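A short worksheet on the structure shown next.
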Amino acid sequence: MSDRIRVLIVDDEPPARAEVRRLLQTQPDVEIVGECASGAQAIARIQADKPDLIFLDIQMPEVTGFGVLQAIGPEGMPLVVFITAYEEHALRAFEAHALDYLLKPYEDERLFAALDRARTRLRAAGQKDDGRLQVLQEYLAEARGGTYPEVFAIRVGERYQVVRVSDIRWIEAEGSYVRLHLVEGDRLMRQSIGDLEEMLLDPAKFIRIHRSAIVSLARIVAVEPLSRAEYTVILDNGDRVPCSRGYRNQLREKVFFSG
């Protein structure tokens with residue numbers, strides 16, 4: 001990327017836009033390419049100006065911040081810092097791969113911290129698409145204090161169902177979702193299997209054995225060779241999950257094979 005970070009500010013409230021602009025104007029490497037008062041305006045400006053970073057309000061009339069992300073799509077979307085007065089949007093914001101989430105009213109230092117994350121990743125990665133996921137991983141690692149979550153809150157209708165990570169036997173990819181095979185029943189979670197593996201699962205407790213499957217190490221009771229390169233992993237409830245050739249070494253690193 002260039003030495004300057006091109007930023008778009010999107011908020012339907014003029015005072016909120018002015019506050020973001022005031023703070024960003026103190027940063028010599030930031031270029032404000034525009035301001036938008038609606039989601040519809042933002043879609044047009046993103047497509048025309050291709051900014052590196054957007055400070056994006058969520059609750060806007062007609063087209064919300066999430067609507068902007070849907071309209072642009074993941075390939076064309078720059079890094080996003082959501083700004084909102086509503087804490088309940090946080091989970092959905094991170095599901096949308098937001099870089100950060102600022103809850104109004106926020107301290108100046110909080111916005112500068114979000115900008116620093118964008119600055120570091122854009123310059124290190126050289127391109128914003130490669131940086132977005134890694135920045136989110138770093139943010140979540142920092143937020144959880146180096147630990148991994150013990151529960152997932154999964155949207156089911158109008159509420160969130162809590163799932164304990166210790167109850168997961170294995171995880172199966174289903175398009176943009178994953179199916180959590182639990183001790184009691186299954187649950188669908190809107191998350192790619194790759195993101196789930198990288199950000200939320202403790203590698204000491206889970207192992208990827210197929211491009212479509214992750215298993216709990218504690219639930220493995222047997223490994224059955226199919227050929228020199230492939231195995232079937234058998235879990236404590238009798239489920240049989242294939243381990244493909246490409247993940248063979250990962251399995252052998254976690255499970256000691258004698259004889």
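The values are calculated or read from the model by the stated rules, or taken from the named source; none is laboratory data. This is a predicted model, so every value here is computed, not measured. Surface accessibility is based on the protein's heavy atoms, side chains included, excluding ligands, DNA and RNA. Shrake-Rupley method; radii C 1.70, N 1.55, O 1.52, S 1.80 Å.
Answer rounded, prolate or oblate for the range 1-77, using the Cα gyration tensor with square roots of eigenvalues a ≥ b ≥ c: rounded when a/c is under 1.5, else prolate when a/b is larger than b/c, else oblate. Because a/c hits 1.5 or more and a/b fails to exceed b/c, the range 1-77 counts as oblate. Near the amide H of I154, within less than 5 Å, lie the amide hydrogens of Q161, V162, V163, all on another chain or at least 5 residues away, with H placed in the peptide plane. Here the 3J(HN,Hα) profile of the range 250-257, calculated from phi with Karplus coefficients 6.51, -1.76 and 1.60 at θ = phi - 60°, is 5, 5, 5, 6, 9, 10, 7, 9 Hz, Gly and Pro shown as x. Atom-type composition of the exposed protein surface of the range 27-70 places 49 percent of the accessible area on carbon and sulfur (1.4 angstrom probe). A straight chain from R252 to L103 at 0.36 nm per residue would run longer than the Cα-Cα distance by 49.1 nm. For the range 106-115, 3J(HN,Hα) computed residue by residue from phi via the Karplus equation (6.51, -1.76, 1.60; θ = phi - 60°) reads 10, 6, 3, 4, 5, 5, 5, 5, 5, 5 Hz, glycine and proline entered as x.
Just the number, please: carbon plus sulfur as a percent of the accessible area of the range 200-244, 1.4 Å probe, no ligands or DNA/RNA counted. If you can, show how the numbers build up before the last one.
Values: 1090 of 2200 Å².
Whole-percent figure for carbon plus sulfur exposure: 50.
Tell me the Kirkwood radius of the range 195-245: reciprocal of the mean inverse pair distance over distinct alpha-carbon atoms, in Å.
Values: mean 1/r = 0.0879 Å⁻¹.
Across the range 195-245, the inverse of the average 1/r is 11.4 Å.
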